[in-house]
Amino acid sequence: MSTSPTRRVAVVGGGQNCEHDVSLASAASVARALDPLDHVAIRLTIAPDGIWHLGADPLGGSPAQSLSAAVGVLAACDVVFPAVHGPVGEDGTLAALCRLAGVPFVGSGLRAGCLAMDKATTKLVAGSLGIATAAGVVVTPATAGAVRWDGPVVVKPVAAGSSQGVTLVRTSDELAPAVRAALLLDDRVLVEELVTGREIDVAVLQRADGTLFVGPALEIVSPDGTLFDAESKYDGSADFRLPARLDDVERKELADAALAMFEALGCSGVARFDFFVTPMGVVLNEVNTMPGMTEQSQVPRMFAASGLTYPALLSELVRGAERTRR
């Protein structure tokens with residue numbers, strides 16, 4: 001029996017946003033961990049200037065030229081694994097490109113990616129399901145000067161990830177600078193009431209056979225109870241507790257909410273749902289349709305705790321893409 005690789009998987013990393021380096025790490029890890037007996041990993045990288053590269057070589061002198069060449073590379077592959085986080089990637093952009101090219105791809109499609117990336121819209125979907133979110137307002141450059149101070153708030157871009165541009169504001173004089181900082185990353189910003197509770201992440205995997213599986217929940221304990229911001233997310237100071245210590249009622253409420261959001265948004269592949277567990281119940285913070293995918297990222301660690309190894313998780317996602325896009 002031949003043991004030659006059977007699937008050509010285009011692993012796309014990089015991107016044109018503040019999560020570029022995080023995406024590079026995810027893509028490199030995915031490409032290394034794909035089982036070489038079943039997959040050949042083809043590395044494609046989108047540089048910050050929008051030019052696509054095949055390995056280390058640019059595919060053209062402009063974003064348009066390189067994209068045209070990249071589509072040919074994608075079309076020659078069996079599956080695309082778009083490990084690009086954030087806007088112009090996770091927001092459905094790459095999913096739409098793959099759909100137009102007729103190439104199966106890992107993860108959510110255009111609709112789910114777009115809805116989940118927009119935190120304000122995610123709150124509307126959650127509200128329609130009876131899932132609580134933090135009270136807040138959307139601020140634009142035109143309305144930034146009219147934001148009122150009503151107590152501690154969290155300021156964040158509407159469409160960004162990896163906690164980029166997120167600020168915990170405890171005093172009124174910190175509000176305006178925080179809004180200005182977030183507006184550097186997006187033209188819409190959320191100003192939300194501070195939710196006090198345990199930070200719990202839940203991941204949902206759509207198996208290759210189409211069934212949904214909720215992995216063990218993970219608790220994030222930030223140093224000194226501070227905000228789990230971009231710095232603490234990647235400097236190793238955060239304490240991940242897996243599985244999270246939850247009672248049966250909390251565990252069921254979190255799983256039910258994650259599954260309801262997965263289906264209502266129309267997610268595929270894998271998604272991570274970030275919650276707060278408070279004395280008043282579960283509060284949804286945000287949804288990630290292409291979460292960090294290094295072996296040490298939260299989602300792979302959660303499924304590994306259930307017995308699904310990192311290479312097996314990636315294989316499940318690739319096979320699922322083939323099934324759902326066939």
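Can you tell me which residues in the range 299-309 are surrounded by fewer than 23 Cβ atoms within 10 Å (Cβ to Cβ) and within 17 Å of the chain's Cα centre (by Cα)? Break it down stepwise before answering.
Step one: of the range 299-309, the residues surrounded by fewer than 23 Cβ atoms within 10 Å (Cβ to Cβ) are 301, 303-309.
Matches in the range 299-309: ARG301, PHE303.
Of all residues being free of Cβ contacts under 8 Å to residues at least 60 places away in the same chain and in a helix (DSSP H, G or I) in the range 29-59, which is farthest from LEU317 (Cα to Cα)? Just the residue, please.
Step one: of the range 29-59, the residues free of Cβ contacts under 8 Å to residues at least 60 places away in the same chain are 31-32, 36-37, 40-59.
Checking the rest, the ones that are also in a helix (DSSP H, G or I) come to 31-32.
On the way: ALA31: 13, ARG32: 15 Å.
Per the stated criteria, the residue is ARG32.
This table checks each residue for (1) surrounded by fewer than 19 Cβ atoms within 10 Å (Cβ to Cβ); (2) of a type in the set (D, E, K, R); (3) touching a Gly at 6+ places or on another chain (Cβ under 8 Å).
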position: ALA33; (1), (2), (3): no, no, no
position: PRO36; (1), (2), (3): yes, no, no
position: THR45; (1), (2), (3): no, no, yes
position: ILE51; (1), (2), (3): no, no, yes
position: PRO58; (1), (2), (3): yes, no, no
position: LEU74; (1), (2), (3): no, no, no
position: GLY113; (1), (2), (3): no, no, yes
position: GLY130; (1), (2), (3): yes, no, no
position: ALA144; (1), (2), (3): yes, no, no
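Taken over the range 164-183, the criterion of being more than 24 Å from PRO87 (Cα to Cα) and within 27 Å of the chain's Cα centre (by Cα) is satisfied by VAL169, LEU175.
Pairing residues of the range 177-197 that are under 24 Å from PHE275 (Cα atoms) with residues that are surrounded by fewer than 17 Cβ atoms within 10 Å (Cβ to Cβ) and among the hydroxyl-bearing types (Ser, Thr, Tyr), at Cβ distances under 7 Å and at least 6 apart in sequence or on separate chains, gives ARG188/THR140; VAL195/THR278; THR196/THR278; GLY197/THR278.
ASP201 passes every criterion in (1) touching a strand residue (DSSP E or B) at 6+ places or on another chain (Cβ under 6 Å); (2) not assigned by TED's automatic domain parsing to the domain that holds LEU218 apart from (2). Of the residues screened, ASP150 is one that is of a type in the set (Asp, Glu) and surrounded by fewer than 14 Cβ atoms within 10 Å (Cβ to Cβ).
Just for the range 172-191: of the residues that are in contact with a helix residue (DSSP H, G or I) (Cβ under 9 Å, 6 or more places away or on another chain) and outside any helix (DSSP H, G or I), which one is surrounded by the fewest Cβ atoms within 10 Å (Cβ to Cβ)?
Here is the first cut: in the range 172-191, the ones in contact with a helix residue (DSSP H, G or I) (Cβ under 9 Å, 6 or more places away or on another chain) are 176, 179-180, 183, 188-191.
Cutting the leftovers down to outside any helix (DSSP H, G or I) gives us 188-191.
On the way: ARG188: 17, VAL189: 30, LEU190: 23, VAL191: 24.
Only one residue tops the list, namely ARG188.
Within the range 270-281, count every residue that is surrounded by fewer than 24 Cβ atoms within 10 Å (Cβ to Cβ) and either closer than 12 Å to LEU205 by Cα or under 20 Å from the mean Cα position of the chain (by Cα) (or both).
Step one: list which residues in the range 270-281 are surrounded by fewer than 24 Cβ atoms within 10 Å (Cβ to Cβ), which gives 272, 274, 276-281.
From what's left, either closer than 12 Å to LEU205 by Cα or under 20 Å from the mean Cα position of the chain (by Cα) (or both): 272, 274, 276.
Qualifying residue count, the range 270-281: 3.
The values are calculated or read from the model by the stated rules, or taken from the named source; none is laboratory data. Since this is a predicted model, take the numbers as computed values, not measurements. A quick note on method: Cβ atoms are made from the backbone with ideal geometry, for glycine too, and the neighbour counts reach across all protein chains shown.
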